[in-house]
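S.K.: Encoded as structure tokens, here's the structure I'll be asking about.
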Amino acid sequence: MRHILFVLAMLFLWLPVNGCSGPEKEDSKMVEGTWLPVDAELGGQKFPDEVLKTFKLTITDGKYTVNVGEQIDKGTIKLEPATKPKAIDITGTEGPNKGKTILAIYDLTVDALRICYDLEGKQRPTEFKTVKDTQQFLVNYKRMKS
């Protein structure tokens with residue numbers, strides 16, 4: 001019995017030290033996949049559904065691809081799940097956001113992802129809402145089922 005308890009205690013001590021758990025690793029794995037927007041708003045106004053229907057966000061290995069119709073935007077993401085609210089930095093490497101860093105916050109569950117972006121890249125949003133006459137962009141995504 002003591003031997004089993006010792007092994008379990010060592011396992012629990014080893015897991016966090018070796019990066020097998022923690023909010024960043026959990027979120028970085030859970031965010032991977034393809035996401036479709038359910039609804040969105042920009043600067044306090046509802047975003048047109050006909051445009052949303054052309055959106056698709058794919059995240060894999062810390063990289064993103066956004067398809068908006070025929071236009072493609074690619075880059076990297078850095079999650080900061082320990083902050084309140086959780087933060088995400090989005091850096092464009094190809095497409096219209098190449099060279100830009102977009103500050104955002106996110107909320108993530110197994111099948112839902114909510115991101116509030118500051119498209120101007122000036123200041124990270126502090127809550128999941130947009131304000132008139134700003135470039136704040138709030139999107140609610142659902143996971144695309146394969």
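S.K.: Taking segment 87-146, which GluC sites (Glu not before Pro) meet the DSSP loop condition and have no more than 16 other C-beta atoms within 10 Å?
M.R.: GLU120, GLU127
S.K.: Between GLU41 and LYS145, with labels modelled 7 Å along Cα→Cβ, what's the label distance in nm to one decimal, could you check?
M.R.: Taking the simple label geometry, GLU41 and LYS145 are separated by 2.9 nm.
S.K.: Which stretch or stretches of segment 114-133 have amide N atoms under 18 Å from the point lying 7 Å from ASP89's Cα along the Cα→Cβ direction?
M.R.: 116-126, by backbone N distance to the label point.
S.K.: Please report how far the C-alpha centroid of segment 111-146 lies from that of segment 18-89, rounded to the nearest whole angstrom.
M.R.: Segment 111-146 and segment 18-89 have Cα centres spaced 9 Å from each other.
S.K.: Still on this model: How high is the FRET efficiency from ASP111 to ASP133, r the C-beta distance, R0 25 Å, rounded to 0.05?
M.R.: The calculated FRET efficiency here is 0.15.
Only the coordinates and a few stated rules stand behind these numbers; no lab work does. Here the structure is a predicted model, which is why all the values come from computation and not from measurement. Note that each Cβ is placed from the backbone with ideal geometry, even for glycine, and that neighbours are counted across all protein chains shown.
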